[in-house]
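Peer 1: One structure follows; several queries about it will come next.
The values are calculated or read from the model by the stated rules, or taken from the named source; none is laboratory data. A quick note: this is a predicted structure, and the numbers were derived from the prediction, not measured. Cβ placement follows ideal geometry from the backbone for every residue including glycine, while neighbour counts extend to all protein chains displayed. For the accessible areas, the whole protein counts, side chains as well, though only heavy atoms, and no ligand, DNA or RNA atoms are used. Shrake-Rupley method; radii C 1.70, N 1.55, O 1.52, S 1.80 Å.
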Amino acid sequence: MSTSRPDEASGYLDGQFLLAMPGMTDARFARSLIYVCAHSADGAMGIIVNKAVTDLSMPDLLVQLDIAPEADAIRLRERVGHMPVLMGGPVEGKRGFVLHSDDFHIDQSTLPIDDGICLTATVEILRAIASGEGPASAVLALGYAGWQAGQLESEILANGWLNCPADPELIFNPSLDAKYDRALRMNGIEPAMLSASSGRA
């Protein structure tokens, strides 16, 4: 299994996945797959990439934000209707974050993370997506997951999370329900074995 601990190599998990384990005690993160965008001695920030906001579509959001007129809703559905709006985490739940491929860049706004993945949190990228000039691959998340200094490391050591290399294809795959189990299998863990070993006092 190609996993690493936070104190190995660079010491930080930027650009890696976090998989919630049965030991995760926070129900908000149960079966979460998180892409770590930033990790340092000061803390960490990541985006949950496998949970959708159920009552909001990407075309509806672009119209609500006045990025596109309501008359364009049909054209938007054809262009971005496949792009889910993700529940990125419990922090700043009304703020949008776009994880995207590195073929799109806004000066002083786009943060390159790792392996061709970038993060942009400005409305300009949504305008570009609405007009068909955005990145080739993208997901929009509302909110993010955040950890204070040392908190993520403690949760990993307590078996709350498994950290492993991220797969860009899995980040952008629209089949949200399958992402968690696929990520487990990529790391040699059979989901049925994991659930069978949990929940026993």
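Peer 1: Hey, can you find the accessible area per residue of the chain for me, probe 1.4 Å, expressed in square angstrom?
Peer 2: Per-residue value: 51 Å².
Peer 1: Taking the Cα centre of the chain as origin and charging only Cβ (+1 Lys, Arg; -1 Asp, Glu), how large is the dipole, in debye to the nearest 20?
Peer 2: In total the dipole reaches around 640 debye.
Peer 1: At what distance in angstrom do the alpha carbon centres of the range 57-72 and the range 174-190 lie from each other?
Peer 2: Result: 32 Å between the Cα centres.
Peer 1: Keeping the other protein chains in place, figure out the carbon and sulfur percent of the accessible area of the range 116-194, with a 1.4 Å probe.
Peer 2: 52
Peer 1: I've got another one for you. Mean residue ellipticity at 222 nm from the helices of the chain, using -39,500 (n - 2.57) per DSSP H segment of n ≥ 4 over the full residue count, to the nearest 500 deg cm²/dmol?
Peer 2: Computed ellipticity for the chain at 222 nm equals -6500 deg cm²/dmol.
Peer 1: Only one of the values (i) 30, 23, 16; (ii) 36, 17, 15; (iii) 30, 19, 15 was calculated from this structure for semi-axes √(5λ) of the Cα gyration tensor in Å; name its label.
Peer 2: The calculated read-out lines up with (iii).
Peer 1: Which one of L76, Q108, T122 is farthest out on the positive end of the charge dipole of the range 72-148, using unit charges on Cβ (Lys, Arg +1; Asp, Glu -1) and the Cα centre as origin?
Peer 2: L76
Peer 1: Sorted by average packing, counted as other Cβ atoms within 10 angstrom per residue and highest first, what order do 28-34, 102-108 take?
Peer 2: Going from most to least packed, we get 28-34, 102-108.
Peer 1: With a 1.4 Å probe and every protein chain kept in, tell me what percent of the accessible surface of the range 22-110 is carbon plus sulfur.
Peer 2: Summing carbon and sulfur atoms, their accessible area is 50 percent of the total for the range 22-110.
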